[in-house]
Amino acid sequence: MTVTILPAVQAALDAGNPVVALESTVYSTLGLPVPHNREVLHASRRAIAEQGATPALTAVIDGVASVGVDQDDLILGATDKVAARDLAVAAAQRWSVGVTTVGASLTLADQAGIGVFATGGIGGVHRGAAVTGDISGDLPMLGRFPIVTVCAGAKAFLDLPRTLEMLETLGVVVIGFGTDELPAFTAATSGLAVPHRSDDPGEIADILRHRRALGQGGVLVTVPPPQPIDQDLLDDAMDQAEAQADEAGISGPARTPFVLGAIAELTGGASVAANTALVENNARVAAQIAVQLAGDPT
Ligand code: PSU
Ligand code: MN
């Protein structure tokens, strides 16, 4: 499958300049409501550029896997979610617009030779996975590709202890950036310890260099959200949102967008404000790491 790279992104890669890949599901209405999705897409790009790096939004457009997309309106209104497992189908069937998950974006970023990727929260092991088997396809892709993924942990409506266990099994390095505890997406902490801590983007770039030399896969950098929401409000909303999803019989790839939407409604938009702030913040941290990766080892 061919991957098309935007000229500005290709030029940065050719020159050895820092590049940060971005997923696109979070910027579509599957991730965030209008108009917040547009605002945060612009803010993420700006945050990356301010650090001296080039943003590369990934998506499938007219069946072409693209690294560096500037047709924002297509992304913002998209409703077709493309996981890593869907990429080949989206290409063969020439889907008009497919927004990429973390796993699909990592796959495309690796094809393009990009070493740093930013998202909001990764997919993980869902609550009740022992019965439903619902474990995000993001996790094996994090283990597979030698890329630094910057996130705010995993969404707190997931089963976070099991998500950490699965990351351990898959051999993903999990790092707290400025924290000893795993952030829980819009919540400041999960009460779970992170296996490693690093507060230094240069050191994180070095960790990726060593991973590559060993032929090993991904590094997950978890950053506390800058505007966490009230824990009790969130806990109630999550429980209700999960119950609504069960009642409506929502499973598979539709589950995460459904639960995110329900939480946004139940928290009166508080979750959206927290979500947009952390997406932009993660883009900034990712750019700082990309700048270090483009330079010399520390
Ligand atoms: N974080 C958000 N909104 C999102 C997602 C993450 O704030 O929409 C998306 C990401 O693209 C992630 C995907 O890769 O949800 C995981 O979906 P699933 O649980 O179906 O694997
Ligand atoms: Mn799933």
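Quick notes
- Along the axis of the charge dipole computed for the chain (Cβ charges of +1 for Lys and Arg, -1 for Asp and Glu, origin at the Cα centre), the listed residues Val148, Ser44, Phe185 are led at the positive end by Val148.
- Across the chain, the relative contact order, built from alpha-carbon pairs under 8 Å that are at least six residues apart, equals 21 percent.
- Spatial separation of Cα centroids for segment 100-148 and segment 212-226, in angstrom: 12 Å
- Span-rule helices in the chain, defined as complete DSSP H runs reaching 30 Å or more along the axis (Cα) with Kyte mean at least -0.5: 270-294
- Share, in percent, of DSSP beta bridges within segment 1-84 that are antiparallel, nearest 5: 35 percent
- In the chain, the DSSP beta bridges split such that about 30 percent are antiparallel, to the nearest 5.
- Taking every DSSP helix (H) stretch of at least 4 residues in the chain, weighting each as -39,500 (n - 2.57) and dividing the sum by the residue count yields a mean residue ellipticity at 222 nm of -13500 deg cm²/dmol.
- Computed from the alpha carbon positions, the gyration tensor of segment 102-220 leads to an equivalent ellipsoid with semi-axes of 22, 17, 12 Å, biggest first.
- Measuring nothing but how far apart in sequence close Cα pairs (under 8 Å, 6+ apart) lie, relative to its length, segment 234-298 scores a relative contact order of 29 percent.
- Heavy-atom accessible area order for Asp246, Asp80, Asp138, Asp86, largest first, 1.4 Å probe: Asp246, Asp80, Asp86, Asp138
- Fraction of beta bridges assigned by DSSP in segment 1-148 that are antiparallel (%, nearest 5): 40 percent
- Within the accessible area of the chain (1.4 Å probe), percent carbon and sulfur: 51 percent
The values are calculated or read from the model by the stated rules, or taken from the named source; none is laboratory data. Treat the numbers as computed from the prediction; the structure is a model and nothing was measured. Virtual Cβ from ideal backbone geometry, glycine too; neighbours counted across all protein chains shown. Side chains are part of the model used for accessible areas, which takes the heavy atoms of the whole protein and leaves out ligands, DNA and RNA. Shrake-Rupley method; radii C 1.70, N 1.55, O 1.52, S 1.80 Å.
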